[in-house]
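Read the figures in this text as sums done on the coordinates, not as results from a lab. As the structure is a prediction and not an experimental result, all values here were calculated from the model. Here the Cβ is made from the backbone with ideal geometry for all residues, glycine too, and neighbour counts use every protein chain on show.
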2 protein chains.
Amino acid sequence: MSEVYDVEEFWKFKMKVGLIREAQRIPRTKKLLKLVVDFGDETRTVVAGIGDQYEAEDFIGKKMIFVTNLKPKKIAGVESQAMLIVAEDKEGKVYLITLSEEVPVGVKVW
Amino acid sequence: MSEVYDVEEFWKFKMKVGLIREAQRIPRTKKLLKLVVDFGDETRTVVAGIGDQYEAEDFIGKKMIFVTNLKPKKIAGVESQAMLIVAEDKEGKVYLITLSEEVPVGVKVW
């Protein structure tokens, strides 16, 4: 078995359910999408690099999982303030993880 | 903003899509469920503490997200070899995160 970690170390990362209010392609990029994500107590801008496989419309109104305590990163001039969690196979095909509508916005994922 | 982390640190944790083949209550416990989870290349036993809110039948045949490189932990005599990821509100109500059937077993979540 490769290296294993204490669960407490995993729990320092905050994952939350966010509702995607807006989504649009970032101009002059091949696969960057800018999402505006509602976490209940705050709204954040998130850049996701899967615009080669999905359209902006695939995200709007959906609830997905985000990591919210990573260092913000500027990508193509846009500050990404959280990271979208997706599933991805070995060939790079991405599957969106969309939560049920009944899940409240902002709840923790752990 | 509270403490933030490098994304590389988050990526050391392996999250994967697992297909729950079997689920049953662990006898003489109030809320422990034992899941047998297929990750494609291996099968693991996982203990989940949400049997007060869900029945074993809610899990069987479903694809959910697991962290697979945490230290194994013995719970009520059963070794848990991965951790089920769920959403939970402030009152402790748990929401299962069930992936679409089209998502292949064993793919990474990140």
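What do the square roots of 5 times the Cα gyration tensor eigenvalues come to for the protein assembly as shown, in whole Å, largest first, as semi-axes of the equivalent ellipsoid? List each step's numbers first, then the result.
On the way: eigenvalues 183, 63, 59 Å².
The three semi-axes for the protein assembly as shown are 30, 18, 17 Å.
Here A:GLU79 yields copy-to-copy label distances, from shortest upward, of 4.7 nm, the label point defined as 7 Å from Cα along Cα to C-beta. Relative to the other identical copies, A:GLU57 shows label-point distances of 3.9 nm, where the label point lies 7 Å from Cα along the Cβ direction and values run shortest first.
Placing a label point 7 Å from the Cα of A:LYS93 along the Cα-to-Cβ direction, the residues of the range A:33-64 whose backbone N falls under 18 Å of that point are A:50-55. The stretch between B:TYR5 and B:ARG25 holds 3.5 nm of extra length on full extension. This uses 0.36 nm per residue minus the Cα-Cα distance. Over the residues of the protein assembly as shown, the helix contribution to mean residue ellipticity at 222 nm works out to -1000 deg cm²/dmol, using -39500 (n - 2.57) for each DSSP H run of at least 4. Label-point spacing at B:TRP11 relative to the other copies reads 2.7 nm, in ascending order, each point sitting 7 Å out from Cα along Cα→Cβ. Once you sort the root eigenvalues of the Cα gyration tensor of the range B:13-102 as a ≥ b ≥ c, which label holds: rounded (a/c under 1.5), prolate (a/b larger than b/c) or oblate (the other case)? Rounded shape, in that the Cα axes give a/c under 1.5.
What percent does the relative contact order of the range A:13-102 come to when contacts are Cα pairs within less than 8 Å and at least six residues apart? It would help to have the intermediate numbers written out before the result.
On the way: 193 pairs, mean separation 25.4, N = 90.
This gives 28 percent for the range A:13-102.
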